[in-house]
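Contents: one structure, followed by commentary.
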Amino acid sequence: TAEARVVPCQTYHLKMAVANVSDQILPSAVFLEANSLSSNAIEYEFVNAANEDSPSDLYEGCVATVYLRRPQVKYQATTVRVDYEGTATNGIDFSMVNPVISFPAGQNEISLTIDPTMDGQVEGIETAKFIFSPSDGCVNSDSVEFQIIDTDPLVATITRDTITSGTASVMLRANITGGMPNRTVQWRQLNGGQTRTGDSILVSTYPESSWILQVEDFCGNVSLDTMLIGRRTDFANILRDIYGSDRLGVLRIFDT
């Protein structure tokens, strides 16, 4: 590694020389890695729990954080201009990133929250690139790039089997589409206090009860549905309850 002390915003030239001094059999060559020359470059790191294998690939509805680090602490605040380019729209397809950011005095790291919008539209992969430049007009710059990937909205609905007068209990099932994996499924009985978990639960049909289903995915997206469960009673059963048999009777209805 070759290092040299430089003055910010000045232009420097690097000169290298090679020579074959021992023989003329093998040629000499110099390879320079692309972007390997830098001065006070801002390094960045994405923290994206929804996609740890490829953290710069963001999913709609899943928040990620990008940490920006400068190589050394300075004892005065540093303002950085932020330019943007890409197919995604800043402030619409993801949370707004301001055109100016600042490293506070005595601090070499700041963070930006990137919150892609769950819009339910099929847009394909959208690209985004932020270019960071010193506010004093230097032409040198660093950049951060990421992609936004479509995600179907999380939708949870309750389904059940047919309930008749003879049904003592029925299975409630969570029908879930969209969202991210690693979902939590919770059932709560309204006015009853019961709370259960799992993709399906068995509940009694008498007395009637109301259940609310709440599904939350890995990124914090939530979907709710409710259902009233009660036993269906036909007219013969009503007569049996009133007269003790299935014989016909007279049913009087009085206004109150």
Query raised in the report: Rounded, prolate or oblate: which fits the stretch 78-150, taking a ≥ b ≥ c as square roots of the Cα gyration tensor eigenvalues, rounded meaning a/c under 1.5, else prolate when a/b beats b/c?
Result: prolate
Requested in this report: Quick one: compute the contact order of the stretch 1-126, relative version, from alpha carbon pairs under 8 angstrom and 6+ residues apart, as a percent.
Outcome: 22
Report task. Starting from the Cα of ILE92, step 7 Å along the direction of its Cβ; do the same at LEU14; then give the gap between the two resulting points in nm. Result -> 4.1
Requested in this report: Using only the alpha carbons of the chain, determine the length spanned along each of the three principal axes and report them from longest to shortest in whole angstroms.
Outcome: 118, 51, 30
Report task. Show MET180, MET96, MET171 ordered by accessible area, largest first, where the area counts protein heavy atoms only and the probe is 1.4 Å. Result -> MET96, MET171, MET180
**Report entry** Relative contact order of the chain, pairs being alpha-carbon contacts under 8 Å that are 6 or more residues apart, as %
**Finding:** 14
Report summary line: GNM of the chain, Cα pairs under 10 angstrom: of VAL170, VAL144, VAL185, the biggest fluctuation goes to VAL170
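Under the Kirkwood approximation applied to all pairs of distinct alpha-carbon atoms, what is the hydrodynamic radius of the stretch 4-143 in Å?
Across the stretch 4-143, the inverse of the average 1/r is 18.2 Å.
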Query raised in the report: How far is it, in nm, from the label point at SER210 to the one at VAL7 when both lie 7 Å from their Cα along the line to the Cβ?
Result: 7.6
Query raised in the report: Of the accessible area of the chain, with the probe set at 1.4 angstrom, what percent is carbon plus sulfur?
Result: 49
Query raised in the report: Counting only heavy atoms of protein chains, what accessible area per residue, in Å², does the stretch 88-186 have with a probe of 1.4 Å?
Result: 52
**Report entry** Qualifying chymotrypsin sites (Phe, Trp or Tyr not before Pro) in the stretch 1-55, DSSP loop, other Cβ atoms within 10 Å at most 14
**Finding:** TYR12, PHE31
Report summary line: Rg (one decimal) and Dmax (whole number) from the Cα set of the stretch 116-186, in Å, equal 23.6, 81
Report task. May I ask you to derive the FRET efficiency for SER141 and VAL47 from their Cβ-Cβ distance with R0 = 25 Å, giving the value to the nearest 0.05? Result -> 0.60
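The values are calculated or read from the model by the stated rules, or taken from the named source; none is laboratory data. Quick caveat, the model's predicted, so the values are computed rather than measured. Counting neighbours? That spans all protein chains shown, and the Cβs are built from the backbone with ideal geometry, glycine included. When the accessible area is computed, the model is the full protein with side chains, heavy atoms only, and any ligands, DNA or RNA have been set aside. Shrake-Rupley method; radii C 1.70, N 1.55, O 1.52, S 1.80 Å.
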